[in-house]
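Written below as structure tokens is the structure these notes are about.
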Amino acid sequence: MKFVKKRNIIIALFAIFIILFLGVWLSVDYLAHRFYPLEYLGEIKDNSAKYSLEPSQVAAIIYEESKFDPDVVSSQDAIGLMQILPNTANLLAKDLEVDNLWRDDLFVPSINIKFGTCYFKQLLDRYNGDQDLALAAYNAGFGAVDKAEKNINNLPQETQEFVKRVRKTERVYVTLYPDKLGADEVDELNFWQ
């Protein structure tokens with residue numbers, strides 16, 4: 001009789017352990033997706049394809065610039081999801097053949113992502129595909145990167161941290177959304193790097 005009782009207790013404890021494990025695992029997955037949302041997927045994928053960019057990197061830039069809030073305006077007057085400056089947008093409008101661009105148009109996600117991806121592609125081209133330099137220029141401006149002699153260590157700490165955050169966030173997006181972002185290879189995510 002004692003053996004049956006011990007066995008039942010062991011089975012019950014094992015079942016509780018499994019239930020707790022699944023609950024924690026599902027909660028972590030839920031929270032990860034909640035803290036790293038993926039909105040405007042169509043616009044991200046379409047514009048990434050148009051400019052030969054990785055959708056996960058575009059999503060990471062949007063996350064780090066605005067946390068996917070299309071109504072954000074920075075203290076420098078950068079607007080929307082990808083934090084486009086109105087002067088930069090006016091220069092890009094010519095390349096994108098957009099007439100009559102208004103400041104408020106940059107709050108429209110499809111327009112903002114179109115301009116942001118075009119600009120990031122121009123920066124990648126300017127720096128011969130060097131993603132870190134392009135990200136630094138996206139954050140601090142290409143003038144600052146050129147003045148720093150294309151050396152990230154010569155840039156302000158804020159810009160260096162921005163580059164690191166975007167690179168890390170890109171890995172998070174690849175890990176959380178491999179099917180949606182078309183990731184072929186998912187590296188193991190290390191939150192401590």
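Across segment 143-156, computed HN-Hα scalar couplings (Karplus, 6.51 cos²θ - 1.76 cosθ + 1.60, θ = phi - 60°) run x, 5, 5, 5, 4, 7, 6, 6, 10, 4, 5, 8, 8, x Hz from first to last residue, x flagging Gly and Pro. The alpha-carbon atoms of the chain, seen along their principal axes, cover 84, 36, 33 angstrom, with the largest extent given first.
Calculated on the Cα set of segment 104-184, radius of gyration then Dmax: 14.0, 40 Å. Between helix 109-126 and the chain there is an angle of about 70 degrees, using the helix long axis and the longest principal axis of the Cα atoms. Toward the positive end of the charge dipole of the chain, with +1 on the Cβ of Lys and Arg and -1 on the Cβ of Asp and Glu, the farthest Cα among Pro37, Ser56, Val108 is that of Pro37. Applying the Karplus relation 6.51 cos²θ - 1.76 cosθ + 1.60 with θ = phi - 60° to segment 53-69 yields 3J(HN,Hα) values of 10, 7, x, 5, 6, 5, 4, 5, 4, 4, 4, 6, 7, 9, 6, 6, 9 Hz, where x marks Gly and Pro. Against the chain, whose longest principal axis comes from its Cα atoms, helix 86-95 is set at around 80 degrees.
Pairs of Lys residues in the chain are counted when their Cα atoms are under 22 angstrom apart and they lie 8 or more places apart or on different chains; the count is 26.
Modelled spin-label separation between Phe35 and Ser52, with each label point placed 7 Å from Cα along the Cα-to-Cβ direction: 3.6 nm. For Ile84, the residues whose amide H sits under 5 Å from its own are Ile79, ignoring neighbours fewer than 5 places away on the same chain, with H placed 1.01 Å from N.
Length available on full extension from Asp77 to Asn151: 0.36 nm per residue minus the Cα-Cα distance, which gives 24.0 nm. In degrees from 0 to 90, rounded to the nearest 10, what is the angle of the helix 157-176 Cα long axis to the longest principal axis of the chain? The answer is roughly 50 degrees. Relative to the Cα centre, the charge distribution of segment 75-191, modelled as +1 at Lys and Arg Cβ and -1 at Asp and Glu Cβ, gives a dipole magnitude of about 200 debye.
The numbers here are math on the coordinates, done by the rules we state, and not lab data. If you're wondering where the values come from, they're calculated on a predicted model, not measured in any experiment. Backbone-built Cβ (ideal geometry, glycine too); neighbour counts: all protein chains shown.
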